[in-house]
Amino acid sequence: MISTYILFYLIILLFLLVAYITRTIGFNNLIIRREIDNNRILEGETCKISTIIENKKRFPIAFLILREYMTQGIEYEGEEVKLCDEGRVTHVSKYRVGGRSRKVRTYKIKAKRGAYLIKDLTVEISDVFAMNTETREFKELIELLVYPKVIPLSNINFDVTNFSGDNTVRRWIQKDDLYVRGIREYGVEDRMKDIHWKSSLKMSKLMVKDYDFTAESELVIIFNIQCNKNHWQNIDEESIENGIKIAASLAVKSIGEGISTGFWTNARIISNENEFQQELRPMANNYKRILELCARIHYGMLYSFTDYIKMRANNFERSCTYIIITSYLDDESLQLLKEKSKGGINLKIVDTSKNGDVKNIKGIEKICFKGMKI
């Protein structure tokens, strides 16, 4: 009878020992990593992520549960996911991994414009009897940049009908009076002093001199993230996203027309490395850098627009045109821009507010965004 009890306890001990060993050594020589086929995509495109589980020991892993977390804004294609308490997307998968073998799971994701740090993995390993588990976190960092979709300017509607065509951006660049290329029909953005009266009388409609542009002509797009006096309230995500798309589309168009183009913003910038540069000086090959900066723009504001203009006050150049894309300007900002304009700085405003709420400034042309075809 005693020997029977001893045998029973020995079996129980052996059972617990096996369970303990299989649970605790499961993480020995276990490698989990992720690979992405393209970490820079345009909004609407997809990329593939592969999760690789490598068990480099002889001992198999009977029960492995893998939880992958991603921030909101990323969508799995054809995968069942759920939201965890922190608001992150969670995907759960279960595996049995043999000794010295590996498992690979590949899936597609797409995301809204933005910069995403994909880094969190939680792994649970159960004992061979599935009674107890041990959990560990793995940090496998992947950065995904989703560029804004670049919209042809002909698909973006403004409250003026002639803001389109091959010379769209050039008509907003300072004209060089020394280089008259020809005569064209008058537009609302043209100056009265450029009217060619002789041709106007002959054609029975207003005609203006069409100037060429010197090599010094430059463009800087200034994107204002501030949507409200109290910047932490009423963040208008739709207006911000529209503004970013307009900024990217204008930049692509202007660079395509051979205009050196730069980009400024008062928004916070998402970056895993050192502080990403918020100001890009005008260059002819700035296409990728501007798209990347647009992708990294956060909804948070680093400086109020008033403070930002004061900080950049000495960086405005008369040889450059500045296009301000904004849905909000307070009275102090309006006054600062008015003073800049009077000082000879060529400023333009693209109003992205829903009702054209940005006040007009004498001497500064403003157009209102009315929608786009994507």
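Summary table below
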quantity: Only listed residue being β-branched (V, I, T), modelled with pLDDT under 90, surrounded by 14 or more Cβ atoms within 10 Å (Cβ to Cβ) and closer than 21 Å to E137 by Cα, chosen from T24, T71; calculated: T71
quantity: Strands (runs of 3 or more DSSP E) (entirely within the stretch 33-81) containing at least 3 residues that are among the hydrophobic types (A, V, I, L, M, F, W, C); calculated: 47-55, 61-70
quantity: Given (1) modelled with pLDDT under 95; (2) in contact with a strand residue (DSSP E or B) (Cβ under 6 Å, 6 or more places away or on another chain); (3) under 16 Å from D236 (Cβ atoms), index of the condition D351 fails; calculated: (1)
quantity: Residue match in the stretch 360-367 (condition: open to solvent by 20 Å² or more (accessible area, probe 1.4 Å) and not in a loop (DSSP other than H, G, I, E, B)); calculated: yes
quantity: Which numbered condition K94 misses (of (1) closer than 30 Å to I374 by Cβ; (2) modelled with pLDDT under 90; (3) in a strand (DSSP E or B)); calculated: (1)
quantity: Residue match in the stretch 244-256 (condition: under 28 Å from K119 (Cα atoms) and among the basic types (K, R)); calculated: yes
quantity: Subset tally (residues that are in a strand (DSSP E or B) and either in contact with a Cys (Cβ under 6 Å, 6 or more places away or on another chain) or among the aromatic types (F, W, Y) (or both)) for the stretch 218-273; calculated: 5
quantity: Which listed residue, of A19, A62, is open to solvent by 20 Å² or more (accessible area, probe 1.4 Å), over 16 Å from E140 (Cα atoms), modelled with pLDDT under 85 and touching a Phe, Trp or Tyr at 6+ places or on another chain (Cβ under 9 Å); calculated: A62
quantity: Selected residue [modelled with pLDDT under 95, over 16 Å from the mean Cα position of the chain (by Cα) and on the phi < 0 side of the Ramachandran plot] from I270, I309, I255, I324; calculated: I255
quantity: Matching residues in the stretch 309-338 - criterion: being under 28 Å from G256 (Cβ atoms), of a type in the set (F, W, Y) and out of contact with any helix residue (DSSP H, G or I) (no Cβ under 7 Å at 6 or more places or on another chain); calculated: Y322
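The values are calculated or read from the model by the stated rules, or taken from the named source; none is laboratory data. Owing to the predicted nature of the structure, the values given are computational and were not obtained by experimental measurement. Reconstructed Cβ throughout: ideal geometry from the backbone, glycine too, with neighbour counts over all protein chains shown. Note: areas computed on protein heavy atoms with side chains; ligands, DNA, RNA excluded. Shrake-Rupley method; radii C 1.70, N 1.55, O 1.52, S 1.80 Å.
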